[in-house]
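Before any comments, here is the structure.
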Amino acid sequence: MVADSKALLLLSSNVRRQYAEDILTALALPAGATIRFRYRSDYVVAPVDRDVAKNEIKGTKALLAFIADHETGHPFVVPVRYATVVSAEPSETAVIFRLQLDEYVALDRYPIDLDGILELGKKFVDGLEASNKGYYPVVYSAPDLPAKASDDDSQAWQQAVERLALHPTFAESYFIRLSPPLNQKGEHLQFDSDGRLCVVDQQSVRITVTLYSGTYNPDVKPVLSCATDGTFLRVSSDDEYRVALRYDSVEFWLHPASLSYETLSRLTISLASSSDYPKLVPAHARFSVVVRKSRSMLLARIGSTSLGALLVALPAILGPSAALELRIGSAVAGAALLAVTSIVLSSPLK
């Protein structure tokens, strides 16, 4: 897995549709966003459970992986993403891990054919059960997988989805990946420590979504959609795209509202079938968006408005003794400055 013995392994299976969707979400979200993995308490090995109870799990590095058919003797295992534990919420019956996503997993040395993956999966699960005296999907101790952190998100994502598409769970599904969000200047926008994207009002946001499927079925007609609250953050491009290829790239544009206060919105990008088609596992990427007031624009508006108001009032301050040309010129300049403030400074930045 990784060299650190305290690194956490989190396996997500296909036993329930939601578990498989979690893997698609982990692959879809940009680094810095957060995701939740939920486990029944008896699926968490004792050493991990103790650290959760003592609140010592925060900051632990984790490897997220998909596992299927482990009870058949031919388990299918593919690691997909690294993450950092933000929190773990225990209860009597379950533990909910909140994870901030990190690098994708480079699979250069991982088998690419189904037989090779199954052979490696068998050795991995045997070692996992031997190390923990039984099968647990949440452990510290597990055999090393031939994987490492990647410095090329696009390549590592493609390596993972091509392998996952070999399993029947995802054979007719689509995988998506959101590139790091950009502003209109092409600069990367950052997620805060809570996994929320931070944007500035009136500055457009651009998100590119990459799609891939192992097969294409023209009868499924999947739809890629982008949704927001529509008030504080709205979609300023087409909000739907009908998929007609196995792989493609789609761009969505978002526009934060002009505000006098900070707001919290939510962005959801989903790919699902336009009809009920159970073989397609829907993919979702959701994260919160904090819309902040631009301090520089706010100061510019305050300064420009104040100066414009002063110029408009200047004829009355100077009185009739001042030259007529000066009073008229001052009033006209003040009115023009107020108009510029209202129209130009309230428009989106270029």
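Every read-out reported here was derived from the displayed coordinates using simple, explicitly stated rules and does not represent laboratory data. Just so it is clear, the structure is predicted and the values come from calculations on it, not from any experiment. Glycine gets a Cβ as well: all are built from the backbone with ideal geometry, and neighbour counts include every protein chain shown.
Subtracting the Cα-Cα distance of Trp253 and Thr208 from 0.36 nm times their residue separation leaves 15.3 nm of extension gain. At full extension, Arg286 and Ala322 could sit 6.7 nm farther apart than now, given 0.36 nm per residue minus the alpha carbon distance. Here the chain has an Rg and Dmax of 26.5, 100 Å, counting Cα atoms alone. For segment 169-266, pairs of C-alpha atoms spaced more than 17 angstrom apart make up 57 percent of the total. Spin-label model, Cys198/Asp151: points 7 Å from Cα along the beta carbon direction are separated by 2.7 nm.
How big is the dipole moment of the chain about its Cα centre under a simple scheme where the beta carbon of each Lys and Arg is +1, that of each Asp and Glu is -1, and everything else is neutral? Debye, nearest 20, please. Don't jump to the answer; show the numbers that get you there.
Details: 35 positive and 39 negative charges, 219 e Å.
Once rounded to the nearest 20, the dipole reads 1060 debye.
Magnitude of the charge dipole for segment 12-130, about its Cα centre and with charges confined to Cβ atoms of Lys, Arg (+1) and Asp, Glu (-1), is about 400 debye. Taken over the chain, lysine pairs spaced eight or more positions apart, or on distinct chains, with alpha carbons under 24 Å apart number 20. With the simple spin-label model, which puts each label point 7 Å out from Cα in the Cβ direction, the Ser274 to Lys61 separation comes to 4.5 nm. Could you work out how far helix 324-343 tilts from the main Cα principal axis of the chain, as a 0 to 90 degree angle to the nearest 10? The helix 324-343 is inclined about 10 degrees to the chain.
Work out the FRET efficiency for Asp113 and Ser225 from their Cβ-Cβ distance, taking R0 = 41 Å, and round it to the nearest 0.05. Intermediate values should be presented prior to the final figure.
Numbers: r = 34 Å, r/R0 = 0.84.
For R0 = 41 Å, the calculated efficiency reads 0.75.
Counted residue by residue at 0.36 nm each, then reduced by the alpha carbon distance between them, the extension gain from Arg16 to Ala53 reaches 10.7 nm. For segment 176-293, with the dipole built from +1 on Lys and Arg beta-carbon atoms and -1 on Asp and Glu ones, taken about the Cα centre, which of Leu224, Val281, Gln202 lies farthest toward the positive end? Result: Val281, furthest along the dipole toward the positive end.
To the nearest 10 degrees, how steep is helix 153-164 against the longest Cα principal axis of the chain, on a 0 to 90 scale? So the inclination is approximately 40 degrees. Roughly how tilted is helix 295-318, in degrees to the nearest 10 and between 0 and 90, from the longest Cα axis of the chain? Approximately 10 degrees, to the nearest 10.
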